[in-house]
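What follows is one structure encoded as structure tokens, with my remarks underneath.
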Amino acid sequence: MWLNKDDQQKAKQLFQILLERKQKEFCKKLDILPTTLSSALGGHRPIPDDTWNQVLDGLGQELNGPREPALDSAVAATAQALLEDLSISAGRQPARSRPLPGGPLPIGASVYVKRDCDEKIIGALSGGNSVVAVTGGPQSGRSSLLFRVAQWAESSGFSVTLVDFDDFILRLKQKDLSREELLIEIGEAAGFEIPERQNRQKIHAGFEQGITERSTRTMLIYDSVDEAAMEGLSTIWSALLLLMNLQTYFAYKAPHKFAAVTVFGAEAWNAMAGTGFDAASHEIKVSNFTQPEIALLAKAATDEAPDQKTINKAYSLFGGQSYLTHLFFEDLRQEKSAEKIIHAARSLQGHYGSHAERVVRRLEKVNSQDLYRLDFVTVCQELAGPRKDWREVLVLGKWLKQLGIAVDDGPICEVYRLAFQRKANPEKGSI
């Protein structure tokens with residue numbers, strides 16, 4: 001199983017409370033490799049279900065067994081809550097609640113609804129596309145899709161390594177991560193022995209040797225590439241160049257030995273135009289929900305089959321955007337009236353307004369870096385027009401589509417239009 005970010009943090013906190021710096025002794029006691037545990041806690045590799053259950057049992061013994069000195073009651077209660085949460089995630093206890101909107105949905109979540117992009121990415125990887133780029137807007141379900149791809153890859157005989165580039169952002173901001181250091185850390189996460197202080201050519205050779213000698217096929221998954229690229233594109237580019245080189249190397253020697261999946265937003269993906277990576281990779285766009293998919297989500301979120309009028313309202317207001325649509329039906333499950341939810345969304349209140357503000361900020365940042373550098377207030381005035389088809393806005397059309405604001409079909413997200421309208425008319429207040 002893979003530990004999601006939330007579980008990784010909880011497990012690390014629990015180890016800190018119960019074992020401080022005695023993690024290696026704990027692993028020795030349970031007869032498991034320390035690297036198996038550290039790789040799982042780092043989110044780089046999965047941990048076998050029986051091994052993780054063994055770890056949870058061991059933590060339970062540490063918590064409930066005799067200790068000198070004894071844990072403070074408040075600390076013990078925190079540790080107990082952390083252990084219960086981890087047990088629930090592992091399926092050892094019935095879940096107390098369904099996943100809430102906003103983060104990656106764990107494997108098995110009833111509110112995860114398959115879209116056409118699910119089938120497309122598996123088809124692309126099965127069909128010989130060794131490098132796939134997943135693109136989509138903020139909170140569109142890209143990371144949730146990655147979890148499903150990783151699960152499929154494991155069942156298909158791949159050794160999967162997930163590299164979350166969020167972990168590198170602080171060092172990129174501080175200019176404290178060289179290209180070679182980044183590649184070495186990716187190699188270590190994948191379980192390859194990459195000597196330090198090597199040039200990129202020798203580092204690439206280390207990856208080639210490690211993948212060749214491994215009995216299973218290898219898949220590298222890069223998550224959150226877009227945010228990291230905004231802080232250090234030249235450094236991140238070295239990690240993408242690695243994938244291109246591995247793709248070329250294994251295309252002739254062992255075509256099915258290596259595969260990679262990367263995740264991009266608008267900024268980073270469009271920055272790839274003309275670099276060669278866009279041509280070397282197969283793009284899969286994370287699509288918005290269709291009305292039948294909204295009906296499936298609504299039933300899973302509320303335990304009731306929705307009426308068509310409610311589905312139409314959600315589709316018209318959110319354009320099938322996955323996070324906003326999920327949020328709408330979660331609010332309905334909590335017995336809020338549809339009228340009050342719609343009012344909150346159209347007024348850009350709460351999480352609806354926060355998400356819309358994020359989209360406006362991202363587009364503003366994109367526009368400031370784009371070749372045209374248009375006046376952003378003018379752009380917002382254009383986008384705030386009454387139900388204008390944004391697909392016809394030629395200059396910004398590519399950015400709008402990549403951000404999930406304008407899609408190839410389906411309605412425009414009304415909440416986004418209202419957010420641009422408020423940005424264009426600051427005297428009415430800002431988001």
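Odds and ends about this structure:
- Taking trypsin sites (Lys or Arg not before Pro) across the stretch 168-214, the ones in a DSSP loop with at most 12 further Cβ atoms lying within 10 angstrom of their Cβ are K175, R197.
- Residue by residue, the stretch 224-230 carries 3J(HN,Hα) couplings of 6, 5, 5, 5, 5, 5, 5 Hz when phi is fed to the Karplus relation 6.51 cos²θ - 1.76 cosθ + 1.60 (θ = phi - 60°); x denotes Gly or Pro.
- Overall form of the stretch 1-83 per C-alpha gyration tensor (a/c, 1.5; a/b vs b/c): prolate
- Close amide H partners of I284, meaning residues 5 or more places away or on another chain with modelled amide H under 5 Å apart, are A133, V134, T135.
- Checking the cross-link pairs K24/K257; K12/K173; K5/K253; K10/K340; K257/K285 against a 31 Å limit on the alpha carbon distance flags K24/K257; K5/K253; K10/K340 as lying beyond it.
- Relative contact order of the stretch 116-241, taken over Cα pairs closer than 8 Å and 6 or more residues apart, is 31 percent.
- Shape of the stretch 105-229 from the C-alpha gyration tensor: oblate (a/c of 1.5 or more and a/b not above b/c, with a ≥ b ≥ c the square roots of its eigenvalues).
- The chain: translational diffusion in µm²/s, Stokes-Einstein, Kirkwood Rh over Cα pairs, 20 °C, 1.002 mPa s: 91 µm²/s
- Estimated dipole of the stretch 1-150 in Debye, rounded to 20 [Cβ of Lys and Arg +1, of Asp and Glu -1, Cα centre]: 380 debye
- Three-way shape call for the stretch 163-232 based on the alpha-carbon gyration tensor, with the a/c threshold at 1.5: oblate
- In a DSSP loop and with at most 14 other Cβ atoms within 10 Å, the chymotrypsin sites (Phe, Trp or Tyr not before Pro) in the stretch 280-381 are Y372.
- Over the chain, Cα pairs under 8 Å with separation of 6+ residues give a relative contact order of 16 percent.
- Estimated dipole of the chain in Debye, rounded to 20 [Cβ of Lys and Arg +1, of Asp and Glu -1, Cα centre]: 580 debye
- Residue-wise HN-Hα couplings along the stretch 195-209, as the Karplus relation 6.51 cos²θ - 1.76 cosθ + 1.60 with θ = phi - 60° gives them from phi, are x, 6, 6, 10, 6, 5, 4, 6, 5, 4, 5, x, 5, 4, 5 Hz; Gly and Pro carry x.
Only the coordinates and a few stated rules stand behind these numbers; no lab work does. Computed from a predicted structure; not experimentally measured. Note that we place each Cβ from the backbone using ideal geometry, even for glycine, and neighbour counts take in every protein chain shown.
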